[in-house]
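Each reported figure results from applying straightforward, stated rules to the coordinates on display, with no laboratory input. Being a predicted model, the structure only gives us computed values, none of them experimental. Here the Cβ positions follow ideal geometry from the backbone for every residue, glycine too, while neighbour counts run over all protein chains shown.
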Amino acid sequence: MKKKLLSIVLAVAMVATMLVGCGGGASASNKVGVAMPTKDLQRWNQDGANMKAELEAAGYEVDLQYAANDIAMQVSQIENMINSGCKALVIACIDGDSLGTVLELAKEKNIPVIAYDRLIMNSDAVSYYATFDNYMVGTLQGQYIKDTLDLDNAEGPFNIELTTGDPGDNNARFFFGGAMDVLQPYIDAGKLVVKSGQVSFEEVATANWATDAAQARMDAIIAANYADGTTLHACMCSNDSTALGVANALEANYEGEWPIITGQDCDIASVKNILAGKQSMSIFKDTRTLASQVVKMVDAIMKGTEAPINDTETYDNGTGIIPSFLCEPVFADINNYKELLIESGYYTEDQLQ
Ligand code: BGC
């Protein structure tokens, strides 16, 4: 009788241990897949590292993958995450339109998907979206140019060239749209002149946001429009990797007064350019904030509670509005970079030398 009682107690204890093991801590049933686009750009390394550290601190196991900007590689990484038992997926896609098929598989297995920074288009498997306010990124860039050239008061006209990002990245249209909503009235009024004539999104896009592609396009623009000493007053660049390409082209082939150049991400190379007077501003999107927000979303989903969101109208991915959390971007320049980037612990002074 005593023996029977003992084995019942043991069995109950084993079941209890199993239940506790499933409920918290890093067990196989707690694995979260994090798919990042590329290691080429500094920001995605920070995003990935922050996500991994924060998810692990919250007790999750993490499968973090980078796809070298190769769409097929990202698809197969996500497939592996699904087949190896990940219970949630966090994805910063390379191409917004290329994940529909693989995400069908996630949906079949009831694996929730969070689109990270970039919206995944035309898939009803996407549960949530967390990003920075991408339209605001663009308006901050446009506003910076408007204020610095004092477009409402100065006589002008001023010459400007435009460079944006990858056509497969839904964000690029928000950045460009936001900037153009500020700048277009001045182009229409003739106060801003785009000498290259390249003003449509398609004309000013940069495949893969690649620095060398932005540089090659700017080389051609300079040769055709500014080689005779004409002043270029401003370059609206949607992010730092394109701003870097534009600055490289100007450095090599342009003799005139240095233009205002905008950017985004506060990548170290661009912050160094800001300190050297070769880039005017960048948008600071603190990747720590975004990662924390996404960890809160993952945790809520895994625990079956409400995920935090603050926007239910902006981001339609073609299957309907995706509930979103938008973090706030701010601009950084020579005057506030210390407070934003160094005092906040984002970079050390040494990293910017
Ligand atoms: C991100 C930017 C980044 C760009 C290139 C965009 O989707 O929002 O921060 O500069 O991709 O990687």
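Numbers below:
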quantity	calculated
Straight-distance crosslink candidates among aspartates and glutamates, where the alpha carbon sits under 18 Å from residue 39 and sequence neighbours closer than 8 are dropped	47, 63, 70, 95, 117, 166, 169, 212, 240, 265, 267, 286
Relative exposure of 146, 303, 285, 195, judged by other C-beta atoms within 10 Å (fewest first)	303, 195, 146, 285
Cβ crowding within 10 Å averaged over residues, with 62-75, 258-271 ranked highest first	258-271, 62-75
Share antiparallel - DSSP beta bridges, the chain, percent rounded to 5	15 percent
Among 172, 106, 154, residue whose mean-square fluctuation peaks in a GNM of the chain (springs only between Cα atoms under 10 Å)	154
Simple label model, 7 Å out from Cα along Cβ direction - residue 45 to residue 276, nm	1.8 nm
Simple label model, 7 Å out from Cα along Cβ direction - residue 255 to residue 56, nm	5.6 nm
Cα-centred dipole magnitude for region 297-353, charges only on beta-carbon of K, R (+1) and D, E (-1), debye, nearest 20	180 debye
Separation in nanometres of the label points that stand 7 Å from Cα toward Cβ, at residue 80 and residue 193	5.5 nm
Relative exposure of 82, 342, judged by other C-beta atoms within 10 Å (fewest first)	342, 82
For residue 191, net neighbour charge (Lys/Arg +1, Asp/Glu -1) across residues whose Cβ lies under 13 Å away	-3
Only Lys, Arg (+1) and Asp, Glu (-1) charged, at Cβ; the chain dipole about Cα centre in debye	2000 debye
Cα-Cα over 24 Å, subset of 31/107; 272/296; 31/109; 195/338; 109/296; 87/285	272/296; 195/338; 87/285
Pairs of Cα atoms farther than 20 Å apart, region 235-353, %	55 percent
Three principal axis lengths of the chain [C-alpha, angstrom, descending]	101, 42, 32
